[in-house]
Structure formats: C-alpha cells, structure tokens
Amino acid sequence: MDFDFLKDCVGKVGVELTRENCESLARYYEMVVEKNKAFNLTAITEEKDFAIKHIADSLAGISEIPQNAMLLDIGAGAGFPSMPIAIVRRDVSVTALDSTAKKMNFISECARELKIDNIKTIAGRAEEQRNLFSQFDVVTARAVSALNILLELAMPLLKVGGRFVAYKTDESELGSAKNALETLGAKHVSTKSLSLPNGDSRAIMVFEKIMPTPKQYPRLYGAIKKKPL
Ligand code: SAH
C-alpha cells in the first residue's frame, strides 16, 4: 500500500498517521485481500478504494472517542471501524462483536499478526450480551442496521454518560429514530459531517446515554426487526 496516499487520505479526515500505523494498516489490508479469496469479507479490495472507504472512513470517528475508553463495535465484520481504531488509538480497549464467528476469528488472527493487543473479539449477537451491558464508554456501528434498530442494540451496552457513534451517510434517519431515543433514554449530541477524499459524504452521529436503559430492552431480534421502536 502506498503510504503517502494513505497518510494523505487519512489526513483529510483529520487524523495523522505514524509510520508504524501505516505499516500495520498496510499489513491489515493485505490480510483482508488474502482472506477475501476464500471467504467474502468485503467488495472493496482495490488499494485506493480500501484506503478511502474503509480506513479513512473508520478513522473519521476517532475524534469522538475519549482517552482510554472501553469501546465495543457492533457488527464489526472484517473490522470496520474497530481494527483501524485499535491500530491508531492504542489507548482504547476495543471489543469487536459480530454474529459471524469466522469474521471474529479473522480479526483475532490480524491482531496477533500485527501485535495489536488492545482489540479482542466476541462472536455473538449484540442484543444477547447481557454480561456486557453497561460496560462501555463508546459503542460504534457502521453499515449494520437502521438507526432506530441500532439504538436498541447499542444503548444497553453503554454506561450512563457513554456515547454511541453511528457511522452514517447523512442525518436522514434521525426523524424516524425519535421514538427510539426517547424510549431508550438517549440524546443526539452532535453530528460530524464530512466528505471522504473521493467526495462521498459521511455523517458521524453521536448519541449519549442519559439514563439507564429500561429493563424490557433490548428485545429479541425478531421483535426488534418486526416492531422497531
Ligand atoms: N461494520 C462492518 C460490517 C458491516 S456488515 C463494515 O462496516 O464493513 C454487517 C455485519 O453486522 C455483519 O457481519 C453481521 O454479521 C453483523 N450483525 C448484524 N446484526 C448483528 C447483531 N444483532 N449482533 C451482532 N452482529 C450483527
């Protein structure tokens, strides 16, 4: 991977990479491309596309993550945004969560190979992780589900005062998430709107958990999907 291009791309979303960061991100890219031959992880494999749409995009949210935060990434897939965050923010303790065990095994393999010890993985569904409820300062999710559904998955996992960082294209789902916000005790605090280096627009939306999640949430996934808040 071309380090100058990578640095430039990521610089445009406000993040400065060290040489060591670049080396880890480049090795991670190689591992995704290699694994992708056997197991579908992503449709984006061309180097520049990957740098922009996966790496720069994932890092666009790091300004929202407090120092030394405990962070959980719902539906991490091949590791977006969790893996670039763990590589660049060694102070953050990252947990990648996904219902597909093969994807979590892949992230664990990458972490071992890159010697990135601040990321661990859990294979399972977000709404079923009772032992993880109220444990995290930050929850992230990119390309997983509609905002009102995500809020029901994310809020229980946060401590009161913690923040859910939703990676979206724009704020259009905010209106339909109003009821979910009220019901779950969450508040929209900010949106960081930006353009990726290829012109794609992104909205990094931040929601704060302002009170404990009512006991009846989250519901089972069937109910969440059928009757989203
Ligand atoms: N965040 C990654 C992957 C997006 S694909 C990226 O941006 O590239 C969505 C992923 O969410 C899939 O891997 C799927 O297995 C996972 N997923 C969907 N619902 C989930 C849930 N309730 N709990 C855990 N993982 C979930």
Notebook entry, point to check: Could you list, in sequence order, the residues of the range 66-99 that are of a type in the set (D, E, K, R) and within 14 Å of the ligand (Cβ to nearest atom)?
Noted result: Asp73, Asp98
Note to self: So in the range 124-147, with the set limited to residues that are away from the ligand (no atom under 11 Å from the Cβ), of a type outside the set (A, V, I, L, M) and not in a helix (DSSP H, G or I), which one is nearest to Arg219 (Cα to Cα)?
What the structure shows: Phe133
Checklist line | Pairs, first within 12 Å of the ligand (Cβ to nearest atom) and modelled with pLDDT under 95 in the range 27-54, second part of a helix (DSSP H, G or I) and aromatic (Phe, Trp, Tyr), C-beta under 6 Å, six or more apart | finding: Ile44/Phe50
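Here's the yes/no breakdown for (1) closer than 24 Å to Gly124 by Cα; (2) out of contact with any Leu (no Cβ under 7 Å at 6 or more places or on another chain):
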site: Ser24; (1), (2): no, no
site: Glu34; (1), (2): no, yes
site: Leu41; (1), (2): yes, yes
site: Pro84; (1), (2): yes, no
site: Arg90; (1), (2): no, yes
site: Ala96; (1), (2): yes, yes
site: Ala101; (1), (2): yes, yes
Next item on the list: Considering only the range 105-120, state which residues are open to solvent by 40 Å² or more (accessible area, probe 1.4 Å) and either touching a residue at least 40 places away in the same chain (Cβ under 8 Å) or assigned to a helix (DSSP H, G or I) (or both).
Entry: Asn105, Glu109, Arg112, Glu113
Notebook entry, point to check: If Glu64 passes every condition in (1) touching a strand residue (DSSP E or B) at 6+ places or on another chain (Cβ under 6 Å); (2) among the charged types (D, E, K, R); (3) surrounded by 24 or more Cβ atoms within 10 Å (Cβ to Cβ) but one, which one does it miss?
Noted result: (3)
Item checked: Filter result (outside any loop (DSSP other than H, G, I, E, B) and buried (at least 19 other Cβ atoms within 10 Å of the Cβ)) within the range 8-21 -> Cys9, Val10, Asn21
Next item on the list: State whether one or more residues within the range 87-96 are among the basic types (Lys, Arg), open to solvent by 50 Å² or more (accessible area, probe 1.4 Å) and in a loop (DSSP other than H, G, I, E, B).
Entry: yes
Margin query: Out of Lys159, Lys102, I need the residue that is within 15 Å of the ligand (Cβ to nearest atom), basic (Lys, Arg), farther than 24 Å from Arg19 by Cα and surrounded by fewer than 23 Cβ atoms within 10 Å (Cβ to Cβ). Which one?
Written below: Lys102
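The values are calculated or read from the model by the stated rules, or taken from the named source; none is laboratory data. It should be emphasised that the depicted structure is a prediction, and the values quoted were computed from it without experimental measurement. We place every Cβ from the backbone using ideal geometry, glycine too, and count neighbours over all the protein chains shown. Areas reflect the complete protein model, heavy atoms only, side chains present, ligands, DNA and RNA absent. Shrake-Rupley method; radii C 1.70, N 1.55, O 1.52, S 1.80 Å.
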